[in-house]
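Everything on this sheet refers to the single structure shown next.
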Amino acid sequence: MSDAGSRAVLVATRTKLINHARGTIKSVGERLPPCAAPGFARNTRELIPADLKPALEPVYECLLRIEEQIRELEQTIERVAERYPDVAVVSQIHGVGTLTALVYILTIDDKDRFAQSRMAERFWVCDLARTNQQGRSAAAGSGSPGRSP
């Protein structure tokens, strides 16, 4: 699902930009307060030291635009998830959100091909192992809580 991949890239980019802003501000002896990533730009923009504003304003502009794009992709993912009733069932599992449930449902494709639910878990774990052996990073989420790829 391309929307999930694009969202992952935007979230990673947002993290790098936030770390850059925090590091730059820390290099002049200042610190920004703890803040969740989605509200970082809005909540800390006014705290940028005056001498760093020219360097960090473009970074903050990017952060604000990335936030908009992440929200738009999340709305798209929610709309796509509504077309798959099984997403609601899978997302009832503690720690499994709509995105993870949707990727899982789209990955297994046809749930009826598994005689038992345990077989679906084995498929997911084997698929992750195969992906890792090919030198690519594993898909977002491991498919089962508490298990890392």
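Tabulated values for the structure
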{"read-out": "Probe 1.4 Å, accessible area per residue of segment 1-115, Å²", "value": "61 Å²"}
{"read-out": "Estimated FRET transfer efficiency when R0 is 22 angstrom, pair A55-V9 (beta carbons, to 0.05)", "value": "0.35"}
{"read-out": "V11 - accessible surface, heavy atoms, 1.4 Å probe, Å² rounded to 10", "value": "30 Å²"}
{"read-out": "Segment 2-62: trypsin sites (Lys or Arg not before Pro) in DSSP loop, at most 15 other beta carbons within 10 Å", "value": "R31"}
{"read-out": "Counted charge near V59, where neighbours are those whose Cβ lies closer than 12 Å (Asp, Glu -1; Lys, Arg +1)", "value": "+4"}
{"read-out": "Share of carbon and sulfur in the accessible heavy-atom surface of segment 20-107 [1.4 Å probe, %]", "value": "55 percent"}
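The values are calculated or read from the model by the stated rules, or taken from the named source; none is laboratory data. Note that the structure is predicted; figures quoted are calculated from it, not measured. Glycine also receives a Cβ, built like all others from the backbone with ideal geometry; neighbour counts cover every protein chain displayed. Calculation scope for accessible area: heavy atoms of the full protein, side chains included, ligands and nucleic acids excluded. Shrake-Rupley method; radii C 1.70, N 1.55, O 1.52, S 1.80 Å.
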